[in-house]
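Visitor: Handing you this structure, nothing more for now.
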Amino acid sequence: MSYVKESVKSLSEYYVLQDFSVVKLNQNESPYDVPEQLKKEILERLAKTEWNRYCENRPSGLINAISDFIKFPTEGIVAGNASNEIIQAVFAGLCRQGDNIVVITPGFSVYPRLAQIYEIDVTSVPLLNYFEFDVPGIIEAAKDAKMVILPSPNNPTGTSISIDDVIQITENINGIFVLDEAYIEFHQKTAQEYVHKYENLVIIRTFSKAFSLAGLRLGYLLAQPHIAKELEKAKLPFSVGIFQQIAGEVLMRNYPIIKENVDVIIEEREKLFEQVSNLSNVQPIPSSANFFIFSLDGFDAEHTYEYFYKNGILLRHFGDERLKDYVRVTVGKPEENEKFLTVLKNLVL
């Protein structure tokens, strides 16, 4: 007899290969670690903190730092153990068993995964020919949905939805619209100002990408204060430890230092995309994130992935039918991008 519910038993294991012996361009991480001067400040503050005491359940220092930086009221901010916990809190706080949510496909796999665990129905709206968002299709699918949840830029395609389209969806659905802005620092276009206007618009962000904190697990949510207050209840108490709180606060208050790396990544993305585009038998998809997908004439994704891996570069490929010919590359340091380009040319030329 199994005590585990079927919706969990039937899930596949969430697995992403971790291999640090090669050039690792498979998880949309920043290629740059937190600058040494900021690590020193974080660790000095951590050393002066009592570890035997519970931290603040609602981390005021971190939330104040976020509020000051993004110019958003503290009452509308919820911090969590990475955006994954925030996403889980949104599901737990907004949806009941049997409710329906709308996602895009191909899209971020965590959304349907959580829906299955919570036994929530999912309606998937396919992206269009070049992975653009089908806004009329999303609105139509969301007529009776409790929630629409979309990432922009989208993981794994890198394509994004316009702010006008965000407003159109928000105004034409009955449920709540959760916009996942995990890559906002690379995209530099946000719907944040409209959270004040629309009660049914919620934004999720992470420190894992631009802020180089994938290993520390920290994220946050923006909503109107009365929504944020309720969603705070849906996450586990004390889930953001003192290390995360201090690190997040220090990085937010020193963003000009972080931005130096962000600017390099954006510059490298544009340069690398142009170089890949100039190869006649390679088709990259324009991206607003720190990654892009591409296909090669005559090769499926698995063959391309294996060739790169054998040559010392770890990329990502997916099981989605729409992506069977595409692999995803994260923008790395300049020297890593050069190696990627060399391997790509050796494969196709």
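Visitor: Among all stretches of the chain without exposed GluC sites (Glu not before Pro) (DSSP loop, at most 10 other Cβ atoms within 10 Å), which one is longest? Mind dumping the intermediate values first?
Guide: Working: sites that count: GLU13, GLU50.
Segment 51-349 is the longest.
Visitor: Name the chymotrypsin sites (Phe, Trp or Tyr not before Pro) in the range 52-115 that are in a loop by DSSP and that have at most 16 other C-beta atoms within 10 Å, would you?
Guide: Details: sites: TYR54, PHE69, PHE91, PHE108; in loops: TYR54, PHE108.
Those satisfying the criteria are TYR54.
Visitor: Counting other beta carbons within 10 Å of each residue's own, what order do HIS187, HIS226 fall into, fewest first?
Guide: Details: HIS187 18, HIS226 10.
Ranking HIS187, HIS226 by Cβ neighbours within 10 Å, fewest first, gives HIS226, HIS187.
Visitor: For the chain, what is the mean residue ellipticity at 222 nm derived from helices alone (per DSSP H run of n ≥ 4: -39500 (n - 2.57); sum divided by total residues; nearest 500 deg cm²/dmol)? Numbers along the way, then the final one.
Guide: Working: 13 runs with 137 residues, N = 349.
When only DSSP H runs of four or more count, the value is -11500 deg cm²/dmol.
Visitor: Projecting each Cα onto the charge dipole of the chain (Lys/Arg +1, Asp/Glu -1 at the beta carbon, about the Cα centre), which of LEU201, PHE91, ASN81 comes out farthest on the positive side?
Guide: ASN81
Visitor: Just tell me the longest site-free run in the chain, where the sites are trypsin sites (Lys or Arg not before Pro) in a DSSP loop having at most 15 other beta-carbon atoms within 10 Å.
Guide: Working: sites that count: LYS5, LYS48, ARG53, LYS71, ARG96, LYS143, LYS189, LYS197, LYS324.
The longest uninterrupted stretch comes out as 198-323.
Visitor: Considering only PHE186, LEU216, PRO106, whose Cα is most displaced toward the positive end of the charge dipole of the chain, charges sitting on Cβ of Lys, Arg (+1) and Asp, Glu (-1)?
Guide: Final value for the positive-end residue is LEU216.
Visitor: If you don't mind, there's one more thing I want to ask. Whole-Hz Karplus ³J(HN,Hα) for the range 313-324, in order, using 6.51 cos²θ - 1.76 cosθ + 1.60 and θ = phi - 60°, x for Gly and Pro?
Guide: Rounded to whole hertz, the list is 10, 9, 9, 9, 10, 10, x, 4, 4, 5, 10, 5.
Visitor: Next question, about the same structure. Residues with amide H under 5 Å of THR105's amide H, sequence separation 5 or more or different chain, H placed in the peptide plane at 1.01 Å from N; which?
Guide: VAL125, LEU127
Visitor: Give, as a single signed number, the net charge of other residues whose beta carbon lies under 14 Å from the beta carbon of LEU221, with Lys and Arg counted +1 and Asp and Glu -1. All intermediate terms of the calculation are to be shown ahead of the outcome.
Guide: Values: positive: ARG58, ARG205, LYS229, LYS233, LYS235; negative: GLU75, GLU85, ASP180, GLU181, GLU230, GLU232.
Net of charged neighbours comes to -1.
Visitor: Please list, or write none, the aspartates and glutamates whose alpha carbon is within less than 19 Å of the alpha carbon of LYS235, excluding same-chain residues fewer than 8 places away.
Guide: Answer for LYS235, where 19 Å is the Cα cut-off: GLU56, GLU75, GLU85, GLU119, ASP180, listed by chain and number.
Taken together, the values in this text are just the output of simple stated rules run on the coordinates, not laboratory data. Values in this document were obtained by computation on a predicted structure and should not be read as measured data. Positions of Cβ are backbone-derived with ideal geometry, glycine not excepted, and every protein chain shown enters the neighbour counts.
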